[in-house]
Every structure is written in C-alpha cells, then in structure tokens.
Amino acid sequence: MVGDKAQYVEAVVEKDGKIAFTGSLCDAKELFPAATEMDLQGRCMMPGHIDPHLHPSMAALILRMHFITPFDWLLPSGKYEGVRSQHDYRQRLSDLISKQPKTAKTKFLITWGYHQDFHGDMSKTVIDEINPAAKTMPIAVWQRSFHEVYLNSYALDHLTYDDKDALMNNPQVEWERGHFFEMGLDGIIGTTNFGKDTVFPMMMDGYNDVVQVRNKAATLHALTPICHSLTSLSYTCSGYGVGVIHTLSNRS
C-alpha cells in the first residue's frame, strides 16, 4: 500500500499472533515447513479493524448519560429505543425530567443523542419550557456529535464561573440559547464547576461501562468504531495457531 501501484503477495505467514513473512507461497513453505496452510480461495486478506480515532474518555462519559437518540441502542444498562421527531424527543425528555427526584437541584440531568435534523430546534428556552420541573434543576442536552451542548437557564444561573464575561463573549458560545460548541464547549467544562463537579466524575465512573460494552461486543464478534458504539474493537486475522500460511495465490 506504498507507492503509486498496488503490490500483492502470494502468501502471508503468521506466528505468535504476528505477521512473520510475506512473499511467495514457495518461499513460505520452505521457510515454515511445519505451518498449517489455509487457502483463502481468491479472497482478499485485509487487516482487522483499526480505528485511529479513539475517544475512550468520551465513551466513558456518554455511557453515564441518559440516551435520547435517533437510533436504537442496546447497552449493558438496557435497551434505548430511538425517537425521530421533535414531538417524540421532547416528550421523552419531559418524561425523563419528571422521573428525577424533586431534591435533585444540584445534580445535573444530562442526555445524549440530540440531533437537530431529527429533533428540531434546541435552546435553553426549549428545555425550560418542556416541563415545569426544568426550572428547578440543572439540565444539559448533549448533541450526538459530542461537539456541542445546551444548558438550561437553571444550570447557567447556578454554575460558578472563573470568568463569566469571557465565556459569554466566546465566539463559539450562544449565551442566549445556552449553546456551547467546540471551544465554547471546552470553556463551559474547563472554566466552570460543570467540569470539576459533574463531567469529570461521570467520566471516571464510566470507564467500567466502556469495558462492559467492549466485552459484550466481543462476544457478538462486533466491529464498531468508538464514535458510533462507544468503544473501539480491533480484530486481526490471527487465532489460527502458530505458523499459519494464508495463501492468496488464486486472487481474482
């Protein structure tokens, strides 16, 4: 996969879980006479899933949030059915707010999975008006991409700020909408107690959830990038024993 032209080999030898040789089938058999041969019958041999873009901390945090997403999710904590309309999203969020203890005035209710293409407009005013109880508890609606979050008025009024004016004037903050994105998101986490008291403790607690999801996916032989199912799984073509020759000689 280097250069202007594709390069092909006739055989690959695996030993102790690593590629020990690539080249001709004749040379492979001569160098590894005790190897077991597996004929791929013309199929192309590829590396296992390799995800170079990992967010284990993001996964750990999301797994501690309440899921309201456009798509179904099956997780160790349960099954979450997707919602794909503004009405259904707001109803699900309202129901979630109603279930919170009336004493939960300091603990954030955080949802993940909002997407404007499915769920319509979002702002602090929308959250405030979804349910009367939203006026008495801090709520964060995290967008599905994880790059933006919406906080309700109660949350914004009760956070402690290092420099509130600087955060309000951040070009990636829409203060009147309670909308924080990109570096504005970094600001609301890093320059208020939202990060120290809520986000980072949730993240630490969520690492165990990441392991559970990874193990569950492994039993299903799943291949999933972390941005879609919250954990990264890598599989290779190993596991056939010491000294397996994968022959590619009949490639079509």
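On the given criteria, is residue 34 small (Gly, Ala, Ser) and modelled with pLDDT of 90 or more? Taking the combined requirement at face value, the residue satisfies it.
Those residues that are more than 20 Å from residue 146 (Cα to Cα) and buried (at least 17 other Cβ atoms within 10 Å of the Cβ), I need them from the stretch 97-132; list them, please. Give the derivation first.
Residues of the stretch 97-132 that are more than 20 Å from residue 146 (Cα to Cα), as a first pass: 97-107, 125, 128-132.
Selection gives 97, 100, 130, 131.
When you look at residue 155, is it loosely packed, with under 15 Cβ neighbours inside 10 Å, of a type in the set (Gly, Ala, Ser), in a helix (DSSP H, G or I) and at pLDDT 70 or above, yes or no?
On the way: loosely packed, with under 15 Cβ neighbours inside 10 Å: no; of a type in the set (Gly, Ala, Ser): yes; in a helix (DSSP H, G or I): yes; at pLDDT 70 or above: yes.
Answer is no for this residue.
Beta carbons closer than 8 Å, at least 6 apart along the sequence or on distinct chains, never pair a first residue in the stretch 168-182 that is closer than 12 Å to residue 152 by Cα with a second that is assigned to a strand (DSSP E or B) and of a type in the set (S, T, N, Q).
Condition check ((1) more than 17 Å from the chain's Cα centre (by Cα); (2) at pLDDT 95 or above; (3) over 17 Å from residue 202 (Cβ atoms); (4) surrounded by fewer than 17 Cβ atoms within 10 Å (Cβ to Cβ)) across all residues:
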| position | (1), (2), (3), (4) |
| --- | --- |
| 54 | no, no, yes, yes |
| 64 | no, no, no, no |
| 82 | no, yes, yes, yes |
| 92 | yes, yes, yes, no |
| 95 | yes, yes, yes, yes |
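Residues that are under 24 Å from the mean Cα position of the chain (by Cα) and in a strand (DSSP E or B) occur in the stretch 159-175; there is at least one.
So is residue 69 in the same structural domain as residue 203 (by TED's automatic domain parsing), of a type in the set (S, T, N, Q), within 19 Å of residue 206 (Cβ to Cβ) and part of a loop (DSSP other than H, G, I, E, B) or not? Criteria met by residue 69.
Filter the stretch 176-196 for residues that are more than 23 Å from the chain's Cα centre (by Cα) and surrounded by 21 or more Cβ atoms within 10 Å (Cβ to Cβ) and give the result.
Of everything in the stretch 176-196, those that are more than 23 Å from the chain's Cα centre (by Cα) and surrounded by 21 or more Cβ atoms within 10 Å (Cβ to Cβ) turn out to be 178, 192.
Among the residues examined, residue 34 does not qualify as hydrophobic (A, V, I, L, M, F, W, C), under 34 Å from the mean Cα position of the chain (by Cα) and part of a loop (DSSP other than H, G, I, E, B).
The values are calculated or read from the model by the stated rules, or taken from the named source; none is laboratory data. On a predicted model such as this, the values are computed, not experimentally measured, just so you know. Note that we place each Cβ from the backbone using ideal geometry, even for glycine, and neighbour counts take in every protein chain shown.
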